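Following: one structure in structure tokens, then a few remarks.
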2 protein chains.
Amino acid sequence: MKPSSGRSNESPIGKVLTGTLPLHLDERGVLGVLEFADHLPFVPKRIFWINQVPARTARGGHAHKVCSQFLVCSRGQVQVEMLDGHQTKNVTLAAGDYLCMPPRIFASQTFVGPDSELMVVCDRPYEAEDYIYDRSEFVIGSGGSS
Amino acid sequence: MKPSSGRSNESPIGKVLTGTLPLHLDERGVLGVLEFADHLPFVPKRIFWINQVPARTARGGHAHKVCSQFLVCSRGQVQVEMLDGHQTKNVTLAAGDYLCMPPRIFASQTFVGPDSELMVVCDRPYEAEDYIYDRSEFVIGSGGSS
């Protein structure tokens, strides 16, 4: 048994939200919009974006202790694998699709095509101590996320 | 003479901020970060991103009455032309470079290469009435932005 302080019988994956943001396409390209009041369930503190990823590359590969993240596929396709010790969930995001993840989910993102891109909005600044890299804690039957 | 309510002898372009955000490059691609507390001089309400723009295409072509915008080039190169009735300024943003614009600047963005991309953080939600499309109001000698 691990210390109980951070553990829960609830599955964080059960609280994941998904949806699609508006995209405006014309001859000048693609414009996608995230209106915080409409879609963001938290006050954002940081944004990061990821691009120029070789096709089929997996990134991420960690969980967060307290940070929530709102992932938006801004181009191409990104597959998100999630596990939380209770269940697993795989979601494929196409351009404009989002996925809002509470903490305590171990997630990896596979960038499907060479021009697949991701934008991530976070409710916390970067905090090195917020990362959990041990995937085994999140495998079903491990007793839940630590 | 135009009504004086919205006019000013100050040049909004004089308040434009520029800088460069951290980019993390490795074999898995490029990750860029905007920590709001470090770089954003306002509370953000909306983000939009623009990609898949044909090379040499100009976008924008308007001013905002009250909205401030923080532009980040997230890939490639974007040239920003600004005019405010008092002066003009041209800035070329490379990947990671940002430009923070107060309102009352008429701006156009030219996407240099075919994979040039822009991310824009705004301090207001979308408001159709906030846009000014008449470029002539912002030409030097026009009496300043209306």
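The values are calculated or read from the model by the stated rules, or taken from the named source; none is laboratory data. This is a predicted model, so every value here is computed, not measured. Every residue, glycine among them, receives a Cβ derived from its backbone with ideal geometry; neighbour counts consider all protein chains shown. The area values use the complete protein model at the heavy-atom level, side chains included, leaving out ligands, DNA and RNA. Shrake-Rupley method; radii C 1.70, N 1.55, O 1.52, S 1.80 Å.
Descriptive notes on the structure:
- Filter on A:K15/A:K89; A:K45/B:K65; A:K45/B:K89 - keep pairs with C-alpha separation over 20 Å: A:K45/B:K65; A:K45/B:K89
- Largest mean-square fluctuation among A:K65, A:K89, A:K45, in a Gaussian network model of chain A whose springs join Cα atoms under 10 Å apart, belongs to A:K45.
- Heavy-atom accessible area buried between chains B and A is around 3200 Å² (1.4 Å probe, both sides summed).
- Listed residues A:R28, A:R56, A:R135, most fluctuating in chain A (Gaussian network, C-alpha, under 10 Å): A:R28
- Here the range B:26-145 is treated with +1 on each Lys and Arg Cβ and -1 on each Asp and Glu Cβ, and its dipole about the Cα centre works out to around 200 debye.
- Over chain B, DSSP H runs of length four or greater, each weighted -39,500 (n - 2.57), average out per residue to a 222 nm ellipticity of -500 deg cm²/dmol.
- Cα centroid of the range A:106-146 to Cα centroid of the range B:29-55, whole Å: 21 Å
- Along the axis of the charge dipole computed for the protein assembly as shown (Cβ charges of +1 for Lys and Arg, -1 for Asp and Glu, origin at the Cα centre), the listed residues B:N90, B:P114, B:S68 are led at the positive end by B:S68.
- Other copies of B:V139: label-to-label distances in nm, shortest first, labels 7 Å along the beta-carbon direction: 7.1
- Options A:F138, A:A128, A:H39, ranked by Cα towards positive dipole end of chain A, top entry (Cβ charges): A:F138
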